[in-house]
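Structure first, commentary second.
The values are calculated or read from the model by the stated rules, or taken from the named source; none is laboratory data. These numbers come from a predicted model, not from an experiment. We place every Cβ from the backbone using ideal geometry, glycine too, and count neighbours over all the protein chains shown. Areas reflect the complete protein model, heavy atoms only, side chains present, ligands, DNA and RNA absent. Shrake-Rupley method; radii C 1.70, N 1.55, O 1.52, S 1.80 Å.
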Amino acid sequence: MQEGPRFSKKEESRSLFLQKEGIIMHHRGLPRILTFIMSICISLCSILPCLAATKKEEYDDESYYFSVWNEKEGKYVARSVIGHYDEDYAETMYELLNEYRIKNGKEPLSYSSSLQHCADKRAVEISYCFSHTRPNGKEWYTVVDSGYSGENIGSALPSPKNAMSAFEASASHNENLLSDDFKSVAISAFARRVKLENGNVSYIYYVVQSFSKNEENNVIVGSNNTENEHTLYYDAAVEWAKEKGLIDGSFDPNAICTRETFVSWLYNLAGSPTSSLQKVFCDVNETEAYFGAIQWAYEQGITTGRRGGETFDPNGTCTRREIVTFLWRYVGKPEPSSLKSKFKDVTNQNEYYYKAVLWAIEENITTGKASTNYTTFDPLGKCTNGMAITFTYRCLR
């Protein structure tokens, strides 16, 4: 934790991660290798007790994207985390912060709505890389053009009270809490979604207090991020697919995804196994590059073909219902926890894709169509490569 003007880059010290009632916090002092070892051990001790099984349908989780500097490739790549913001948590912490300041004879801090954007972005970023250095390699205060003066961050915090107690117990964090220099603040609490080994879903809380020396909304939120940060929904999925060797530079996210393309992706992810079956579909020739993929998909029960199983239609357009069904079958057809659909256009339980869609909702593979305020799924909608690779990424990453 530091203020932008207070320390130069050369003066930044090594970090010691401490656990204070469930919080991981930065301090100055120990050698880097010892710091690293302790951070791993303490992070595990801090996080594991805070993981509690949570029903998936209780929260509207979304994917949040940000840029990460890839030193090897010398460029920025997109990454994402899944979770939700807890506004009640943040509001309670704001109240506790001002109560604490008043108790100590300090003026309360005003709320800065313009700084809220910074706090929200930083909360997502620290859920991926817990540090005052952003995933893009820049310092924390670069998230805004000017006006971001101080930052407290915490991880694995079950409640606002725990967070405040931990910050108060740390001299450096407490310095920010009671600083006379700060006039306004914004607070964000991001709950990152974690899938446990038993299939249940839990959340780890990441908290950011963003302080400013300016009054309320005199924070300048501009385009200080020169790396042209990724904002397209499929960016993280595309980077993942490239790393997996599924696609190359010729990939067109806006092109329609064909059936053979999608099945080939799954086939390659499975390790390109050999099928023992004779030719299954009359429209899939043995000389085609995708022959083995389609044979394997049929053998594994991932596809049954079209026209009663006579053809596969390799160049046919993949629909949204087909994509989620292929994925659902690929992972073993897990039963959704509920058979009640939230989509107006997915109501017939006898449809082959019904359980697949419900499963995809629970696994945050799809949220539905934004154009209908997420009340429909559009089963027959054409799937672009961008959509298809994003569904796959959310399912298998």
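The gain in end-to-end length when the Lys382 to Ala255 segment is fully stretched comes to 44.7 nm, 0.36 nm per residue minus the alpha carbon separation. Legend: calculated FRET efficiency, Thr304 to Glu243, from the Cβ-Cβ distance at R0 = 30 Å, rounded to 0.05, equals 0.45. With viscosity 0.692 mPa s and temperature 37 °C, the Kirkwood radius over alpha carbon pairs of the range 248-322 converts through Stokes-Einstein to a diffusion coefficient of 257 µm²/s. 3J(HN,Hα) along the range 379-394: x, 8, x, 6, 9, 7, 4, x, 4, 5, 6, 5, 4, 5, 4, 5 Hz, from the Karplus curve 6.51 cos²θ - 1.76 cosθ + 1.60 with θ = phi - 60°, whole Hz, x for Gly and Pro.
Rounded to whole numbers, the Karplus 3J(HN,Hα) couplings from phi for the range 333-339 are 6, x, 6, x, 6, 9, 9 Hz, using 6.51 cos²θ - 1.76 cosθ + 1.60 with θ = phi - 60°, and x at Gly and Pro.
Which value, in Å³ per residue, describes the convex hull spanned by the Cα atoms of the range 231-292? Before the final figure, lay out the partial values.
On the way: hull volume 6.4 nm³, N = 62.
Cα convex hull per residue, to the nearest whole number: 104 Å³.
Extension gain Ala171-Ser272, at 0.36 nm per residue separation less the Cα-Cα distance, in nm? Write out the running numbers ahead of the final one.
Details: separation 101, 0.36 × 101 = 36.36 nm, distance 5.62 nm.
Extra length from Ala171 to Ser272 when fully extended: 30.7 nm.
Under 5 Å between amide hydrogens, built in the peptide plane, is the criterion, and for Ile365 it picks out nothing among residues at least 5 positions away or on other chains. Protein-only accessible surface at a 1.4 angstrom probe places the residues Thr287, Thr392, Thr347, Thr384 in the order Thr287, Thr347, Thr384, Thr392, largest first.
Loop-only check: which chymotrypsin sites (Phe, Trp or Tyr not before Pro) in the range 295-365 are DSSP coil with at most 14 other Cβ within 10 angstrom?
Details: sites: Trp296, Tyr298, Phe312, Phe326, Trp328, Tyr330, Phe343, Tyr352, Tyr353, Tyr354, Trp359; in loops: Phe312, Phe343, Tyr352, Tyr353.
When the chymotrypsin sites (Phe, Trp or Tyr not before Pro) of the range 295-365 are filtered for loop state and at most 14 Cβ neighbours within 10 Å, Tyr352 remain.
Normalised by 2.2 N^0.38 Å, where N is the number of residues, the alpha-carbon radius of gyration of the range 150-220 equals 1.34. Legend: residue pairs Lys121/Lys344; Lys195/Lys333; Lys242/Lys342; Lys121/Lys369; Lys75/Lys242, Cα-Cα distance threshold 22 Å; pairs beyond threshold, Lys121/Lys344; Lys242/Lys342; Lys121/Lys369.
For Thr347 and Trp69, a Förster radius of 35 Å and the Cβ-Cβ distance give a FRET efficiency of 0.15, rounded to the nearest 0.05. For the range 88-189, the Stokes-Einstein estimate of translational diffusion at 37 °C and a viscosity of 0.692 mPa s comes to 234 µm²/s, using the Kirkwood hydrodynamic radius over alpha-carbon pairs.
Give me the Kirkwood hydrodynamic radius of the range 319-397 in Å, from all C-alpha pairs, to one decimal place? Mind dumping the intermediate values first?
Numbers: mean 1/r = 0.0809 Å⁻¹.
For the range 319-397, the Kirkwood estimate is 12.4 Å.
Sites listed here are GluC sites (Glu not before Pro) in the range 304-397 whose DSSP assignment is loop and whose Cβ has at most 13 other Cβ atoms within 10 Å: Glu310. Note: relative contact order over the range 58-118, using C-alpha pairs below 8 Å and six or more positions apart, is 23 percent. Packing, taken as the mean count of other beta carbons within 10 Å per residue, orders the peptides 299-308, 199-208, 61-70, 182-191 from highest to lowest as 182-191, 199-208, 61-70, 299-308.
Dividing the C-alpha radius of gyration of the range 237-373 by 2.2 N^0.38 Å, with N its residue count, gives 1.10.
Once the piece of chain linking Glu286 and Asn200 is laid out straight, how much longer is it, given 0.36 nm per residue of separation minus the C-alpha distance between them? Don't skip to the answer; put the middle values down first.
Values: separation 86, 0.36 × 86 = 30.96 nm, distance 4.26 nm.
Difference between extended and current length: 26.7 nm.
Peptides 111-119, 135-143, ordered by how many other C-beta atoms sit within 10 Å of their residues on average, highest first, read 111-119, 135-143. Histogrammed with a bin width of 5 Å, the alpha carbon distances of the range 73-139 distribute as 3, 13, 18, 20, 17, 13, 8, 4, 2, 1, 0 percent, first bin at zero.
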